[in-house]
Structures are given as structure tokens and as C-alpha cells.
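Below is one structure; the comments refer to it alone.
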Amino acid sequence: MKTPEENRYQKIMLLLLLFISINKYTSAQTTCNEPIRIRTNITLCQGDTYQFGDRIITSSGIYIQTYQTVNNCDSIATLGVDYLNSTNFSFTETITTNESYFFKEQNLTEAGIYRDTFVDSRGCDSILTLTLQVIAEQENCANGIDDDGDGLIDAFDADCLCLCELQFFEMEVYDRWGSLVFSTSNVRETWDGRHDGQLLDTGVYLWTVRYQFLEQDFMVEQVETVTIVR
């Protein structure tokens, strides 16, 4: 939003333009024939007001005001007003319960919506909106399944993702060609590196997890890889 000094300067310049234009066209004439017509345009920020004659302008449009010169001749001033759209930015960040997020000169630790205002390159106010999500602290998941020939396959599971109860859980594992080789909605169910009872080839597999905590109203999605080795 432009400062009061900037608005005052713009008004003075507009009035000066009108004064010069009117007197330029009336200084050489003593009788009134056709009205003198003058037009100018200005831009304003959202929330700014502008006084044009006896009218307070608050929206874009074309405004007309009639003045009288020193010779009592009519002069018609036309003002085009264009209000600039606000430039607003929104983004989302997720932290765990043992982390903080620096925003607006403070370290945030609680979930919520936070806003800050800054002046953009046009001199207008813009709003920056942060949606901060806070989730329970996570552990690191093992990223390998090792079949060492002893007949036991170390199983991979997503129970390491959180230490709290979930109201929704979905896990899927894909091979390198994008084929689904495992899926479950049970966070306690493990994957032993098999598909349809057959041990899969050595290699890297992609797993995705979507889950939602009981105390949260948003979904969390995580994508990682797990490797089957011999």
C-alpha cells in the first residue's frame, strides 16, 4: 500500500496537470465554445482511496469531474483509475515435534496458519501465508532386506515411521518398472521381499506411504526406496 505522502504527491501532480491544461486552453479565449476535455490515468494499490473532486474513489473505473476556469468556462476532467491486484503467496511446511520453523522473526513450534506482510516491487502490500504442520517425531526406517541364505529374510515394515496411533495408513511397494508388488493398510504388516509368494530379484524398490495421525486433520505422504540384497 502506498504511503500517505505518495498519495498526496500523486494528487498534487494530478491537480497541477489539470490546472496547467485548463489555463493553457483558456488563456487565449474570452468566450466559451466547446468544453475543455482533459484525461489522465493513475494506478492504486488495493485498499488505497483517492479523492477526485467531491468523490472518494475505492475501485477501478472511469471518473468524470467538471470544473470551471477563470473565464467561467466548463472543463471536463476524466480520470482513469486502475487498482493493482494484490500479490499473495501461500506455502506449506511440515516439522516434527522437536523442530521449529523460523518465520516473521520468530521460531514457530505450533501448527497453524501464519501471515506476514511485505511491500512488493510496485509499492503495494502483499501477504505471505504459511501453513505449518507439526507431526510426531519419526525414526529412520531400514532400507534393506537381506536374504543371507539362512532361510530367514529380514522383513521391511513402515512401523518405524511414527511412534503414535494412526487413523489412516496405506503403504505400497513398486518395482523398477512401476509394477505394484506389495500393498497394505496395516501399519504392523511387514514385507518380506516377496510377490505372490516368490522372492523378488535383487535391486532397488520404491515404497510410498500415506498416513494420518489421530490428532491431525491432514495427510502425510512419504516416498523412499528399499533394496533387496543377497
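The values are calculated or read from the model by the stated rules, or taken from the named source; none is laboratory data. Computed from a predicted structure; not experimentally measured. All Cβ positions, glycine included, derive from the backbone under ideal geometry; neighbour counts span all protein chains shown.
Here are a few things to note about the model shown:
- Ile135 fulfils the conditions (1) under 24 Å from Cys45 (Cβ atoms); (2) touching a residue at least 40 places away in the same chain (Cβ under 8 Å) except for a single criterion, (1).
- Flag for Glu105 being over 25 Å from Leu206 (Cα atoms) and either among the acidic types (Asp, Glu) or modelled with pLDDT of 85 or more (or both): yes
- The test for being within 21 Å of Ile95 (Cα to Cα), within 34 Å of the chain's Cα centre (by Cα), surrounded by 13 or more Cβ atoms within 10 Å (Cβ to Cβ) and β-branched (Val, Ile, Thr) does not hold for Val226.
- Of the residues making up region 85-131, those that are in a loop (DSSP other than H, G, I, E, B) and farther than 18 Å from Gln216 by Cα number 11.
- Enumeration of residues in region 167-210 that are surrounded by 15 or more Cβ atoms within 10 Å (Cβ to Cβ) and hydrophobic (A, V, I, L, M, F, W, C): Phe169, Met171, Val173, Val181, Phe182, Val187, Trp191, Leu200, Leu206, Trp207, Val209
- Only one of the listed residues (Ile95, Ile113, Ile64, Ile76) is among the aliphatic types (A, V, I, L, M), touching a residue at least 12 places away in the same chain (Cβ under 8 Å) and surrounded by fewer than 11 Cβ atoms within 10 Å (Cβ to Cβ). That residue is Ile113.
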